[in-house]
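I have placed the structure first, in the form of structure tokens, so that the comments after it can refer back to it.
The values are calculated or read from the model by the stated rules, or taken from the named source; none is laboratory data. As the structure is a computational prediction, the values presented were derived from the model and not from experiment. Every residue, glycine as well, gets a Cβ built from its backbone with ideal geometry; the counts of neighbours run over all protein chains shown.
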Amino acid sequence: MKKTSNLTYVIGGIVAAALLLAATQLPLFDSKDGDAPVIAEPGNPDGGDLGLTRIKQLSTAAIIYSVDWDGLLPSQFGNPNDLEMTIYPYLRSRESFFDADGIRFRPNPELEGVNLESISNARDTVMFYSANPVGKGHRVCYADGRGEIVEELSELNFTPELAEEEEAGE
């Protein structure tokens, strides 16, 4: 009977580890609305819609910024280049500023310097949007961080309703 060397076990372990590592890097498959499966980005919670994932990351970065600055959104919402420099530290990558087609998401200039906590209609107020439709429509993210794909931008609310601040001493 031939004895197996320790080297055989080591090589077998390395091969098994390499296969396991390779399997974790494969794209995930996801099916939406009964359509054929679409390949999703690894770790992409939106089932393959890279643009929707990125716009949600952008909105989340602005919300985290506001937490660090006493509820205030960046005063650079009117200037996309300055806004990028302001909230980039809250993002993983500059790619979050662009749709999957490389078109920059647009910020809602109405939110420039607004206190996020004072927006009473945050669920309906657009924070970022894609000006050009891609696939099923425009990617939109609201002031509450929620994102979706819409067919028409004209039906969306860009003006925040600000809650009245309480008078001091009341």
Can you name the condition, by its number, that F105 falls short on among (1) in contact (Cβ under 8 Å) with a residue 12 or more places away in the chain; (2) farther than 17 Å from E148 by Cα; (3) of a type outside the set (G, A, S)? (2)
With the requirement that a residue be free of Cβ contacts under 8 Å to residues at least 40 places away in the same chain and over 25 Å from A100 (Cα atoms), what does segment 111-139 give you? E112, A122
From S154, S130, which residue is touching a His at 6+ places or on another chain (Cβ under 7 Å) and either of a type outside the set (D, E) or at pLDDT 85 or above (or both)? S130
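Is there a residue being outside any loop (DSSP other than H, G, I, E, B) and in contact with a Leu (Cβ under 7 Å, 6 or more places away or on another chain) anywhere in segment 75-96?
First pass over segment 75-96, keeping only residues outside any loop (DSSP other than H, G, I, E, B): 80-90, 94-96.
Still in the running and in contact with a Leu (Cβ under 7 Å, 6 or more places away or on another chain): 96.
Yes.
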